[in-house]
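What follows is one structure encoded as structure tokens, with my remarks underneath.
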Amino acid sequence: MYKVSLITGDGIGPELSESAISVLNTIHDKLGLKFDITQLFAGDKALEQTGKALPDDTVDYIKKSDACMKAPVGESAADVIVVLRRMLDLYANIRPAKSYPHMPALRDDIDLVIVRENTEDLYTGKEFSLGNSSVALRIISEAASKRIAKYAFESAIQRNSKKKVTCVHKSNVMRITDGMFAKSCLEVSKDYPEIEFEQMYVDACAMNLIRQPEKFDVVVTTNLFGDILSDESSQVVGGLGMAPAANIGDEFALFEPVHGAAFDIAGKNIANPSSFLLSIKMMLDWLGKKHQDTKCFEIGEKLENTIFDLVKSGIKTKDIGGQMSTTEFTKQITDKL
């Protein structure tokens, strides 16, 4: 029995959470992999009602669970996800970008993953005013850089793909901070001679994600660059609706969709839940690896294949030009599972 904490979020978050619960319950009831799901409160509504975007009770429940899933939250997102990433040392932000049928991808052969350092850079929030100027401290350490580089190379080994790691930085301008990141990745690459290694400036990477996205395999980069490039890579394969994400540490992991709370369509039951459901697949893979549970891998692959076959048949939710509601789309998946 795996204990899963689920932050239901804001906007379309509760609707996506219901979809995720339906899928997890189907896996629990029909496929023999057991889950104990606890729904938790965090985000804008939590801030409004309790004065804290991330209540202490929510944090306590998360720490007691085997893994956490987080639906999108609103304006208080930084006070939820950024805090949890640092609190739980979830140092690797993993964002796959893969072509799916009948989605407006630039090509049908894109299969890459952004491996983003998740604890440092400008996202530490160390900002202050200095007279009429504002200053932000950019922190890049050798330890964190080597840790995320190792994760990227290990990911390249495990992926059935090109066996290539691209280190993305801007060391020609930020010579000390990005210079350290680039040097650290280069040093780690020497431990993986079987993996092709290249370095690329972030502006060139942004261009090449449009020009030649099929050339990428694993992209490792810093926190800010990773945030931007992962959104770009998601759009390259058709949009954020098919973009899952994982925040992974040595002992714990949190899984979420890349996109936000989409308040403009909240409550209409038209949101595409695929990104959150593909996050379940990432969670199953992580649980399978951590607990050496082959059933997790098997069911994760089955879930992804079910979503793939469904969109291949042309079935979509209304928010992306289809005819189905969120509930109807989810039922198609649970029936096929």
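None of the figures in this text is laboratory data; all of them are computed from the coordinates on show. As the structure is a prediction and not an experimental result, all values here were calculated from the model. Cβ placement follows ideal geometry from the backbone for every residue including glycine, while neighbour counts extend to all protein chains displayed.
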Taking Cα atoms, the helix 142-158 axis meets the longest principal axis of the chain at an angle in degrees (rounded to 10) of 50 degrees
For Asp66, other-chain or 5+-apart residues with amide H closer than 5 Å (H placed, Pro excluded) are Lys3, Val4, Ser5
Expected vector for the stretch 265-282, Karplus 3J(HN,Hα) from phi with 6.51, -1.76, 1.60 and θ = phi - 60°, integer Hz, x for Gly and Pro, equals 10, 4, x, 9, 6, 10, 6, 6, x, 4, 4, 6, 6, 5, 5, 4, 4, 5
For Asn172 and Thr124, extending 7 Å from Cα along the Cα-Cβ vector and measuring point to point gives, in nm, a value of 2.8 nm
Extension length gain for Ile315 and His102 (0.36 nm per residue less Cα distance), in nm, is 75.8 nm
In degrees rounded to 10, the 0-90 angle between helix 202-211 Cα long axis and the longest Cα principal axis of the chain is 50 degrees
With 0.36 nm assigned to each residue of separation and the Cα-Cα distance removed, Glu187 to Thr294 gains 35.2 nm
Cα convex hull volume per residue for the chain, in Å³, equals 141 Å³
Cysteines of the chain without any disulfide-compatible partner (other Cys Cβ under 4.7 Å) are Cys68, Cys205, Cys296
With the stretch 222-337 reduced to its Cα atoms and the Debye formula applied, log10 I(q)/I(0) at q = 0.24 1/Å amounts to -1.39
Rounded to one decimal in Å, the inverse mean reciprocal Cα-Cα distance for the stretch 106-236, i.e. its Kirkwood radius, is 15.2 Å
Simple SL model, points at 7 angstrom along Cα→Cβ for Gln39 and Ile210; separation in nm is 4.2 nm
Label model pair Glu232, Gln49: point-to-point distance (7 angstrom along the Cα→beta-carbon line) in nm is 4.0 nm
Asserting the computed 222 nm helical MRE of the chain (DSSP H runs at least 4 long, -39500 (n - 2.57) per run, divided by residue count, to nearest 500) equals -13000 deg cm²/dmol
